[in-house]
Amino acid sequence: MVATQPMLQVAMDTMDLDSALKTTRLVYDVVDIIEVGTILCLAEGLGAVKTIKTLYPDNLVLADVRVAEAGALISKMVFDAGANWISVLSSAALPTIETVAKEAFSKGGDVQIELQEGWTKEKANQWKALGITQVIFHKSRDSEKLGPGWDPELLGVIKSMSDEGFKVSITGNLNPGDLSVFKGIPVYSFVAGRAIRAASDPRVAAEEFKTEIQKIWQ
């Protein structure tokens, strides 16, 4: 079931675990989801996932490994490390996505599909048939260069996916002031990275996101 109020996810794309923990210890009780980012997974291995889940058992933990192939093995490693969610690229072959879904669901976990250029509604319906409903929309770096705001056409696609039962998460250099554009859309979660990690006070930054979410989706 899609939450009536979006969750808040903090992305830990740091080069080492110590740096990530400096932030998580400040915000774990404000955010809902802790993302062990791709960079952190590469730098520290899945031990980072295990450590964060051990320290923060009440948070959902996403291992942002972005599976493209070898789905059965990677997903087993990820869920054995204690992750709740695993990320998969939309370009992955359907059999790969299916093996990840089977492992995730057998462990009580979930799968988040990272939508890349070229994804289609037909492919999305194939994922849905496997029981996968989580998708994540990125605001591209090229779009960021054009200035603030989100393309109205993309917002329409996001709303359409939500209306069709997908749990839609949003990321892309988000700040609290960006969230109001999604009013009326049942967003599943907002993902903030630098806006929280690089803030002078990460806890205050996370609380500002939460306050804005509560104000818009009260």
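The values are calculated or read from the model by the stated rules, or taken from the named source; none is laboratory data. Just so we're clear, the structure is a prediction, and the values are computed from it rather than from any experiment. Counting neighbours? That spans all protein chains shown, and the Cβs are built from the backbone with ideal geometry, glycine included.
Taken over region 10-36, the criterion of being in a helix (DSSP H, G or I) and of a type in the set (D, E, K, R) is satisfied by Asp18, Lys22, Arg25.
Filtered by the rule that a residue be in contact (Cβ under 8 Å) with a residue 12 or more places away in the chain and part of a loop (DSSP other than H, G, I, E, B), region 37-47 gives Gly37, Leu46. Might you let me know whether region 45-58 holds any residue that is under 15 Å from Val191 (Cα atoms) and aliphatic (A, V, I, L, M)? No, region 45-58 has no match at all. When Ser87 is tested against (1) assigned to a helix (DSSP H, G or I); (2) out of contact with any helix residue (DSSP H, G or I) (no Cβ under 7 Å at 6 or more places or on another chain), exactly one condition is not met: (1).
Please verify whether Val30 is at pLDDT 95 or above and within 18 Å of Gly108 (Cα to Cα), treating the condition exactly as stated. Answer is no for this residue.
Exactly one residue out of Ile113, Ile132 is closer than 26 Å to Leu17 by Cα and touching a strand residue (DSSP E or B) at 6+ places or on another chain (Cβ under 9 Å), and it is Ile113.
Restricting Val27, Val31, Val36 to residues that are crowded, with 21+ Cβ neighbours inside 10 Å, under 29 Å from Glu208 (Cβ atoms) and in contact with a Phe, Trp or Tyr (Cβ under 9 Å, 6 or more places away or on another chain) narrows the list to Val31. Filtered by the rule that a residue be of a type in the set (A, V, I, L, M, F, W, C), touching a Gly at 6+ places or on another chain (Cβ under 8 Å) and assigned to a loop (DSSP other than H, G, I, E, B), region 48-84 gives Ala81, Ala83.
The number of residues in region 152-174 being basic (Lys, Arg) and surrounded by fewer than 19 Cβ atoms within 10 Å (Cβ to Cβ) comes to 1.
Look through region 1-21, keep the residues that are without any contact (Cβ under 8 Å) to a residue 40 or more places away in the chain and either in contact with a Phe, Trp or Tyr (Cβ under 8 Å, 6 or more places away or on another chain) or not polar (S, T, N, Q) (or both), and return whichever of them is farthest from Ile170 (Cα to Cα). So, considering only residues that are without any contact (Cβ under 8 Å) to a residue 40 or more places away in the chain and either in contact with a Phe, Trp or Tyr (Cβ under 8 Å, 6 or more places away or on another chain) or not polar (S, T, N, Q) (or both), the one farthest from Ile170 (Cα to Cα) is Asp18. Of all residues in region 171-195, those satisfying the criterion of being closer than 20 Å to Leu62 by Cβ, without any contact (Cβ under 8 Å) to a residue 60 or more places away in the chain and outside any helix (DSSP H, G or I) are Gly172, Asn173, Leu174. For the residues Lys159, Lys102, Lys123, the requirement of being closer than 22 Å to Glu35 by Cα and assigned to a helix (DSSP H, G or I) singles out Lys102.
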